[in-house]
Amino acid sequence: MQRSAMRELAFKLVYEIEIQKESQEDQFEIFIENNEITDEKVIKYLKDIKQGIKDNSNEIDNLIINNLRDNWSLNRISKINLSLIKLAIYEMVYKSLPYKVAINEVVELAKKYADESAPIFINGILASVVKEKKLDGATNEN
């Protein structure tokens, strides 16, 4: 499976967890079963995303909050947009995915799954995160 397809599955998983707010372990197993995922590489990647976002949720949320416009809060961001932003931040900050790749891929997913203003909104927040964290765009993809 191509990395972009894996990232799309990761977005769907993060979104389901955002919506359900149930036990992530139960949600993870149900997600794997419902999507008939049998490739161990994909399962490992999805587990890393799930656990990484969970383990770093406070810092990820703070990065989002710090880069929102004055009148915005986390509760105001749609679950789709929030899931895409969290996925990109986790991969850029914790997995050293080149920020250009991470941002491009979640913006493309936003075009597919979110409203028409989402790509610009997501791009803006992530560009601010890149500046704040002084991320390098030349790191190799994991």
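Some observations on this one:
- Cleavage-rule hits (GluC sites (Glu not before Pro)) in region 1-92: DSSP loop, at most 10 neighbouring Cβ within 10 angstrom: Glu36
- Computed label-point distance, nm, for sites Asn66 and Ser78 using a 7 Å Cα→Cβ extension: 2.7 nm
- The order of Met1, Met92, Met6, going from fewest to most other C-beta atoms within 10 Å of their C-beta, is Met1, Met6, Met92.
- Fewest-first sequence of Lys50, Lys112 by Cβ atoms within 10 Å of each Cβ: Lys112, Lys50
- Counting beta carbons within 10 Å around each of Ile80, Ile32, Ile103 and listing the fewest first gives the order Ile32, Ile80, Ile103.
- R0 of 25 Å, Cβ-Cβ distance Glu33-Lys133: FRET efficiency to nearest 0.05: 0.10
- Rounded to the nearest 500, the 222 nm mean residue ellipticity of the chain from helices alone is -22000 deg cm²/dmol, with -39,500 (n - 2.57) taken per DSSP H run of at least 4 residues.
- Convex hull volume per residue in cubic angstrom - Cα atoms of region 3-133: 102 Å³
Every number here is computed from the coordinates shown, using simple stated rules; none is lab data. Worth saying up front: this structure is predicted, and the values here are computed from it rather than measured. Neighbour counts are summed over all protein chains in view; Cβ atoms, including those assigned to glycine, are modelled from backbone coordinates with ideal geometry.
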